1. If each of T123 and A51 carries a label point 7 Å out from its Cα toward its Cβ, how far apart are those two points in nm?
2. Within the stretch 36-115, report the GluC sites (Glu not before Pro) that DSSP leaves as loop and that have at most 10 other Cβ atoms within 10 Å.
3. Which value does Rg/Rh take for the stretch 1-85 over its C-alpha atoms, Rh per Kirkwood?
4. Looking only at trypsin sites (Lys or Arg not before Pro) in DSSP loops with at most 15 other Cβ atoms within 10 Å, what is the longest site-free stretch of the chain?
5. Is there a pair in K3/K116; K3/K76; K116/K170; K99/K120; K120/K172 whose C-alpha atoms are over 22 Å apart, and which pairs would that be?
6. State the three equivalent ellipsoid semi-axes of the chain, derived from the C-alpha gyration tensor as the square roots of 5 times its eigenvalues, in descending order and whole Å.
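Any read-out appearing in this document is the output of simple, stated calculations on the displayed coordinates, not a laboratory observation. Being a predicted model, the structure only gives us computed values, none of them experimental. Cβ coordinates were reconstructed from backbone atoms using ideal geometry, including for glycine residues, and neighbour counts include every protein chain displayed.
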Amino acid sequence: MAKKGIVLYSVGCGLSGYVMDFFMAIAFLTGGQYVPLSNASNLREVIIGGANEEVSLEKWMAEVDEEVQRDLEAGKEIDEEELSRRIHEKMKLKGARAKQLTRNNKQVGEITRRAKMMSKLRTLPEMRDFPAEGAYVPDPNIDSYRGGTAGFDIDEGEITREQAERMVVKSKARMT
């Protein structure tokens, strides 16, 4: 999917930590995000907000592609975190802005360390057998209020480190 430019957003309602990490990992593989919900009442806002964010990030992909291509041509092993940091700094210096899906004024789509590690695995059995880390404690206010009425917006701001990292993942997948 990622090679063809398909970005996956996964949304989960009431998932356990292990299942949530799996969905985070497959979304991260494509440069997408995982968005947790307590119920489906905000699903429309998540879909529209995620699409708006991806369209606004796509405007910057040519520059990210150039950086990835430069590293590939130089024969460098691409360190996604280092490259993301460099790209984020460049974007920040030029004042690059993009839309961001937010919940209660915070960017959504955080990824756990375990999910990031799982995203490097290539088969379902490898993911299934990946060791668990601690116990997951669900956020009781996952949608801000149980009624699900508050929370999701699409804001415009500086490109974040997380967005830069997702763009690097997308670019790398498209080129390799």
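1. 3.8
2. Values: sites: E45, E53, E54, E58, E63, E66, E67, E73, E77, E80, E81, E82, E89, E110; in loops: E77, E110.
The qualifying sites are E77.
3. Values: Rg = 15.4 Å, Rh = 14.7 Å.
Using only Cα positions, Rg/Rh for the stretch 1-85 is 1.05.
4. Values: sites that count: K59, K76, K94, K120, R122, R146.
Value returned for the longest uninterrupted segment is 1-58.
5. K99/K120
6. On the way: eigenvalues 145, 90, 33 Å².
For the chain, the ellipsoid semi-axes come out as 27, 21, 13 Å.
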